[in-house]
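The values are calculated or read from the model by the stated rules, or taken from the named source; none is laboratory data. Note that the structure is predicted; figures quoted are calculated from it, not measured. Cβ placement follows ideal geometry from the backbone for every residue including glycine, while neighbour counts extend to all protein chains displayed. Only protein heavy atoms, including side chains, enter the accessible area calculation; ligands, DNA and RNA are left aside. Shrake-Rupley method; radii C 1.70, N 1.55, O 1.52, S 1.80 Å.
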Amino acid sequence: MTGGCGFIGSHISEQLLKENYQVSILDNLTTGHLSNIDGLPVDFYQEDITKPEAIELIKRINPDYIIHLAAQVSVAESVNDFLKDENINIRGSLHVIKAAGECGAKKIVFASSAAVYGNPEYLPVDTRHQTSPGSPYGLTKLTVERYLQLAYELYGVEYCILRYSNVYGPRQDAKGEGGVVSIFSDLLTSGKAPVIFGDGEQSRDFIYVGDVAAANVKALKAQSNVCLNVSNGFSITVNELFSEMKKATNSALSPIYQDERPGDIRHSTLCNEETKKILNWEPQMPLDKGLEQTIFYYRKEMNA
């Protein structure tokens, strides 16, 4: 697994180990943390997917399956620096794909994003919706999807593309380009008012990290060469999210509103009906319970 020390990767590691997989993690620790996998019986390799050495490392590990999570995930940073985004998300991914083909891996499961769709023409968005990314980040994710499809046609490397909606949960980094749930959790538990960009009426489809991890594990042995949405299938506005989290933290704070950010999508809800059938999977965590668990994690971190 690339990016296995990150927020999502560490949760996938836990679920893989429960299913008796042997897990090797490749991570350069730029945004991942060794503390996320502390105590897990995994093999860890500190390496950068943008370096050619990563190809040889993956070939030496000789995995049956590859879950590819390592990425530059900030929409704002992708707008500010095209080249960094391209280097990590495209060139780095091509190194992983090349290694998979040369070592005979059975399948690559790739973490893509709702950002590939751009501003939706209809909701909920299914995988037949046109792809029109509004940010370099979305474009690089879509480009890797196309490379995976070509790699199967040319070299027989099977794949499963998982387009995530907004993932949240314990261990998400609230600093930098953290998800809105982690940022709100961190600030509200610290007694600080969060910033909402725009008017707060933009809506998002929030999916709990444990449900995302389960989808990845299911994808390893489910149908190959498919593209699927991983989502809850419903959305709430950022204002509604803040209200829910304000109640959960017993906070009296009000948000600070600032100008909306370039590249942000107004509304996003992903249809997951096809995913349920193909992966035999269903989201298990209700939003209110997931928010409670996330807030509890940040309270524990703050006390620590």
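Once Lys and Arg get +1 and Asp and Glu get -1 on their Cβ, which of H129, F110, L220 lies farthest toward the positive end of the dipole of segment 104-240?
L220
Residue-wise, which Karplus ³J(HN,Hα) couplings in Hz belong to segment 194-200, taking 6.51 cos²θ - 1.76 cosθ + 1.60, θ = phi - 60°, and x for glycine or proline?
My calculation for segment 194-200 gives x, 9, 10, 7, x, 8, x Hz in order.
Helix-only mean residue ellipticity at 222 nm, the chain, DSSP H runs n ≥ 4 weighted -39,500 (n - 2.57), per residue, nearest 500. What is it?
Values: 11 runs with 122 residues, N = 304.
Roughly -12000 deg cm²/dmol at 222 nm, from the helical runs in the chain.
For the pairs K51/K192; K18/K59; K84/K106, note any where the Cα-Cα span goes beyond 32 Å. Can you show the working numbers first?
Working: K51/K192 40 Å; K18/K59 25 Å; K84/K106 30 Å.
Correct reply: K51/K192.
How large, in percent, is the carbon and sulfur part of the accessible surface of the chain at a probe radius of 1.4 Å? Before the final figure, lay out each step's value.
Numbers: 6720 of 14040 Å².
Accessible surface attributable to carbon and sulfur in the chain totals 48 percent.
Students often forget the sequence filter, so: which aspartates and glutamates lie under 17 Å Cα-Cα from K107 once same-chain residues fewer than 8 apart are removed?
Of all the aspartates and glutamates, those that pass the test against K107 - Cα under 17 Å, at least 8 places apart if same chain - are D64, E145, E153, E158.
Which whole-number value in Å² is the accessible area per residue of segment 108-202, probe 1.4 Å? All intermediate terms of the calculation are to be shown ahead of the outcome.
Numbers: 3740 Å² over 95 residues.
About 39 Å² of surface per residue is accessible.
Would you tally the net charge around A99, using a Cβ to Cβ cut-off of less than 9 Å, leaving A99 out, and scoring K and R as +1, D and E as -1?
Values: positive: K59, K98; negative: E56, E102.
Neighbourhood net charge equals 0.
Here are some values of P(r) over Cα pairs in 10 Å bins from 0, in percent: (1) 6, 28, 37, 22, 6, 0; (2) 6, 23, 26, 20, 13, 8, 4, 0; (3) 6, 26, 30, 22, 11, 5, 1. Which one was computed from this structure?
Evaluating P(r) over Cα pairs in 10 Å bins from 0, in percent on these atoms matches (1).
What is the dipole size for segment 1-133, taken about its Cα centre, with +1 at each Lys and Arg Cβ and -1 at each Asp and Glu Cβ, in debye to the nearest 20? Each step should come with its number before you reach the end.
Details: 10 positive and 17 negative charges, 69 e Å.
Here segment 1-133 has a charge dipole of around 340 debye.
Could you compute the net charge surrounding E282? Neighbours are other residues with a C-beta less than 11 Å from the C-beta of E282; K and R count +1, D and E count -1.
Working: positive: K218, K276, K277; negative: D211, E273.
Result for the local shell: +1.
Just to make sure I understand: if all protein chains stay in place, what is the order of H95, H267 by accessible area at 1.4 Å, largest first?
Working: H95 25, H267 70 Å².
Ranking H95, H267 by accessible area, largest first, yields H267, H95.
What's the magnitude of the charge dipole for the chain around its Cα centre, counting Lys and Arg as +1 and Asp and Glu as -1 at the beta-carbon? Answer in Debye, nearest 20.
Dipole size: approximately 400 debye.
Return the long-range amide H neighbours of F44 (sequence gap of 5 or more, or a different chain), with a cut-off of under 5 Å between placed amide H atoms.
I25
Working from Cα positions, state the angle (0 to 90°, nearest 10) between the long axis of helix 7-18 and the longest principal axis of the chain.
Approximately 60 degrees, to the nearest 10.
Take the chain, mark every one of the GluC sites (Glu not before Pro) that falls in a DSSP loop and has at most 14 other Cβ within 10 Å, then report the longest stretch left between them, sites excluded. Write down the numbers at each step before the final one.
Working: sites that count: E19, E121, E201, E260.
Longest gap between qualifying sites, sites excluded: 20-120.
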